[in-house]
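Below is one structure, written out as structure tokens, with a few remarks after it.
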Amino acid sequence: MYKNIIRPILFLLKPETIHHLIVFFVKLFFKIPGVSIVVKKFYSTNNKLLETDFLGMTFSNPVGFAAGFDKNAEVYNEFSNFGFSFIEIGTVTPKAQKGNIKPRSFRVTKDSGLINRMGFNNKGVDFAVRQLKTKRHKAIIGGNIGKNTLTKNENALNDYVDCFKKLYQHVDYFVVNLSCPNIKDLRKLQDKDSTILILNKLTEIRQEYSTYKPILLKISPDLTNSQLDDVIETFNITKIDGIVATNTTTTRDNLITNKDTIEAIGNGGLSGKPLTKRSTEIIRYLSEKSNKQIPIIGVGGIMTVEDALEKLEAGASLIQIYTGFIYQGPAFVKQINKALIKRM
């Protein structure tokens, strides 16, 4: 029903318009008494076999909702009813910002993908904190943090520290986003020295708190093997807790969509099916080169149940979906979990 009726109707509207409508109606819909219970019963899969221990946390299943949808921590509890065991909010920045000029989100349906250059549009870390403080969390919550667009790279550390401190008591783990292709010059911070500086500072600050919160680094799928070796070295030097692999890609290789159409869309990070193979390759490389010593959350191009299983087999302990959820619909999480149980 979703693929044949609902999705074609939704896809008549622009992606960002649909996003705002979904957030609005989900908030409204779940205020109706009993709706949460019904939706959770229909879409969730409760089975002890799915429980996954990761970085000191117990996840009810290995499937989470990737950062980028619930940017402002507004609907994390509502979306937990669709079977997600964890939701990553953000990317959150110290100050509210509008993001890049519209239009900035595009479907490439022939390739089952999305291209976006949103630019960390969000209401700021203080707004996110207020949202997180007012509700009992029904899922494990990750905080994806970044810098404001106008913050120069030499001052970026202050932005990450600000978000880290303000969110510390309100999320269960952190993801440091240095790899988004939609913030000018952000990925220059991916060089080893800059990354180590930021991560070392955050791990130092963490020692001031009585509760330990894991810190993960989100990396680009466009890194070379030599750069991935640097990631492994950075992991060992900084003593962070894990890697999220991967962010969106700037490459446009082997797309079915007409080249003129892609050029007309312009810059942005590509997600979905075109990213499937590369993100899995990176997960496998990091896992094998580190002798499986790096805890990994796998994300990028999980469009089918088989894609999800491949990410886990390649070395990821947990997986996150976003574009696949948009294309496959709300039953996608349950389909993945049922396949995992069957394989077990």
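Quick rundown of the values:
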read-out: Set A156, A128: member being over 23 Å from S210 (Cβ atoms), touching a residue at least 40 places away in the same chain (Cβ under 8 Å), of a type in the set (A, V, I, L, M) and not in a strand (DSSP E or B); value: A156
read-out: K218 within 21 Å of M57 (Cβ to Cβ), part of a loop (DSSP other than H, G, I, E, B) and of a type in the set (D, E, K, R); value: no
read-out: Of all residues making up the range 131-153, the number that are outside any strand (DSSP E or B), within 30 Å of E51 (Cα to Cα), touching a helix residue (DSSP H, G or I) at 6+ places or on another chain (Cβ under 6 Å) and modelled with pLDDT of 95 or more; value: 2
read-out: Members of the range 255-309 that are part of a helix (DSSP H, G or I), hydrophobic (A, V, I, L, M, F, W, C) and either more than 23 Å from I336 (Cα to Cα) or in contact with a strand residue (DSSP E or B) (Cβ under 6 Å, 6 or more places away or on another chain) (or both); value: I262, A264, I265, L275, I282, I283, L286, A308
read-out: Single residue of the range 214-233 satisfying the filter (under 16 Å from E288 (Cα atoms) and in contact with a Ser or Thr (Cβ under 9 Å, 6 or more places away or on another chain)) that is surrounded by the fewest Cβ atoms within 10 Å (Cβ to Cβ); value: Q227
read-out: For Q169: the one exception among (1) modelled with pLDDT of 95 or more; (2) surrounded by fewer than 19 Cβ atoms within 10 Å (Cβ to Cβ); (3) in a helix (DSSP H, G or I); (4) of a type outside the set (G, A, S); value: (3)
read-out: Qualifying residue in the range 224-244 (condition: touching a residue at least 12 places away in the same chain (Cβ under 8 Å), out of contact with any Leu (no Cβ under 9 Å at 6 or more places or on another chain) and not in a helix (DSSP H, G or I)); value: no
read-out: Residues that are among the polar types (S, T, N, Q), surrounded by 24 or more Cβ atoms within 10 Å (Cβ to Cβ) and touching a Lys or Arg at 6+ places or on another chain (Cβ under 8 Å), drawn from the range 265-279; value: S279
read-out: A316 being among the small types (G, A, S), touching a helix residue (DSSP H, G or I) at 6+ places or on another chain (Cβ under 8 Å) and either in a loop (DSSP other than H, G, I, E, B) or over 26 Å from E233 (Cα atoms) (or both); value: yes
read-out: Matching entry among D70, D53 (being under 16 Å from Q131 (Cβ atoms), at pLDDT 95 or above and either touching a Lys or Arg at 6+ places or on another chain (Cβ under 7 Å) or not in a helix (DSSP H, G or I) (or both)); value: D70
read-out: Residue match in the range 100-118 (condition: crowded, with 19+ Cβ neighbours inside 10 Å, free of Cβ contacts under 8 Å to residues at least 60 places away in the same chain, in contact with a strand residue (DSSP E or B) (Cβ under 8 Å, 6 or more places away or on another chain) and not in a helix (DSSP H, G or I)); value: no
read-out: Unique residue being modelled with pLDDT under 95 and among the basic types (K, R) when the list is K95, K40, K3; value: K3
read-out: The lone exception for P33 - which of (1) within 18 Å of G329 (Cα to Cα); (2) surrounded by fewer than 10 Cβ atoms within 10 Å (Cβ to Cβ) it fails; value: (1)
read-out: Selection count, the range 138-150, where residues are out of contact with any strand residue (DSSP E or B) (no Cβ under 8 Å at 6 or more places or on another chain) and crowded, with 21+ Cβ neighbours inside 10 Å; value: 1
read-out: Any chance G90 is under 16 Å from the mean Cα position of the chain (by Cα) and part of a strand (DSSP E or B); value: yes
read-out: Any pair with Cβ under 8 angstrom, 6 or more apart, that starts in the range 173-187 at a residue that is closer than 21 Å to N200 by Cβ and ends at one that is basic (K, R) and buried (at least 23 other Cβ atoms within 10 Å of the Cβ); value: V175/K218; V176/K218; N177/K218; L178/K218; S179/K218; L186/K147
read-out: Residue in the range 254-283 that is nearest to S105 (Cα to Cα), counting only those that are of a type in the set (A, V, I, L, M, F, W, C) and within 17 Å of the chain's Cα centre (by Cα); value: L270
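The values are calculated or read from the model by the stated rules, or taken from the named source; none is laboratory data. No experiment lies behind these values; they were computed from the predicted model shown. Please note: Cβ atoms are built from the backbone with ideal geometry, for glycine as well, and neighbour counts cover all protein chains shown.
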